[in-house]
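Each remark here refers to the structure printed beneath this line.
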Amino acid sequence: MSSQQTAAPRHNPKVVTALRRFAISISVLNIFGYTVLGFEQPWTWPFIALATAYSLEILLEVIGARAERRTPRFRGNGPRGVIEFLYPAHITGLAVNMLSYVNDIVWVMMFGVIVAVGTKWVLRAPVKGRLRHFMNPSNFGIAVILVLFPWASIAPPYQFTEYIDGGFDWLVPAIIITLGTMLNAKLTERMWLVLAWVGGFALQAIVRGLLFGTSIPAALAMMTGVAFVLFTNYMITDPGTTPSSKWGQIAFGAGVATLYGVVTALGIAYGLFFATALACAIRGTFLWTADIVARKRAEEALALAAVTESVARADADARTAAGTAAACDCPAGACACPAPAKTEDQACDCPAGACACPAPTDAETLKAPVAA
């Protein structure tokens, strides 16, 4: 029998279906982007991004499987298992290339893909007893590019509708909204997060307008762009890095919107990506804190249980000792039996095996007959 553990399924069937549809959607969007819409990046870059993401994902999985003494997750189900394993890397590679703009310096884009894929193995937190990544990979890769390379930027929003007009420029966001809503409602189950994010974004736009004089219509108009629609339906709703519960989703979506308002009010560009990274970092910190507190409480409970068990054991030992002592008592009505003497003429013999019995305190028992 092999010493390695069999790898557990990486995702449940519903998540696999969501990843497959997401991978197909982003692939189709890239094909149309380079042939019809007007994507700015060179057409060879998606292939470079995919090769980088695939290679690193497989390499890190092999290293992780060896360290954890298990079978790599891409093995055991033939070509289908490999394809399903690479869905996240496929999405991450295409997203980083599609949403970032680094002029003609391809290695910066590759660096962003490496950071995005690698962060899943570095930035982890305990979730239901397992370490899982908490930082949105694509978002984090783009955010790191923006921080480390100030001359870089996000992809210009016009690239999604640059070469279409006559009303068809509205068709692209409409298709994205329709497909994204179906995906999030039926598979990722993140509609509460979407609603909280959209409502919170509108609210922060109004608050910024009232407090800082920002044009409220202009702030709200951002919600009609393709970039915002893509971010809402495919970036912020990543099921692997967002809460599953209703109130957790609401808190996360509203939190990202609030952080976006703060970041934007401070004059920091690209607020969508930085706000999401901050929200994920806060969630990761919360998960670690909750786990540490839970472990501490578990240790305290174990210590208390040990003390209780020790006290119960001592009490049981005391009762056993008391019961042994009672077995040495004189039988009812016996006279006082001294410790066994070596003389043959004892006036009152103790029963065989009895210990020395003190004289009875009851006066009536003193009248017990003594054999002649």
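The values are calculated or read from the model by the stated rules, or taken from the named source; none is laboratory data. A quick note: this is a predicted structure, and the numbers were derived from the prediction, not measured. Because the Cβ atoms are built from the backbone with ideal geometry, glycine has one as well, and the counts that use them run over all protein chains shown. Accessible surface areas use protein heavy atoms only, side chains included; no ligands, DNA or RNA. Shrake-Rupley method; radii C 1.70, N 1.55, O 1.52, S 1.80 Å.
Computed values, structure above
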item: Any helices (runs of 4 or more DSSP H) falling wholly within the stretch 115-228 and containing at least 1 residues that are within 23 Å of residue 95 (Cβ to Cβ), aliphatic (A, V, I, L, M) and open to solvent by less than 50 Å² (accessible area, probe 1.4 Å); result: 137-148, 171-183, 191-212
item: Search result, residues across the stretch 252-290 that are outside any helix (DSSP H, G or I) and under 17 Å from the mean Cα position of the chain (by Cα); result: none
item: Filtered residues of the stretch 69-89 (kept if open to solvent by 50 Å² or more (accessible area, probe 1.4 Å) and in contact (Cβ under 8 Å) with a residue 24 or more places away in the chain); result: 69, 73, 75, 76
item: Residue among 217, 239 that is modelled with pLDDT of 90 or more and of a type outside the set (Phe, Trp, Tyr); result: 217
item: Filter pass, residue 93 being over 24 Å from the mean Cα position of the chain (by Cα) and not in a strand (DSSP E or B); result: no
item: Verdict on residue 66 being farther than 30 Å from residue 166 by Cα, modelled with pLDDT of 90 or more and surrounded by fewer than 15 Cβ atoms within 10 Å (Cβ to Cβ); result: yes
item: Residue count for the stretch 55-102, restricted to those that are aliphatic (A, V, I, L, M) and in contact with a helix residue (DSSP H, G or I) (Cβ under 7 Å, 6 or more places away or on another chain); result: 11
item: Among the residues listed as 40, 57, the single one being touching a residue at least 40 places away in the same chain (Cβ under 8 Å) and in a loop (DSSP other than H, G, I, E, B); result: 40
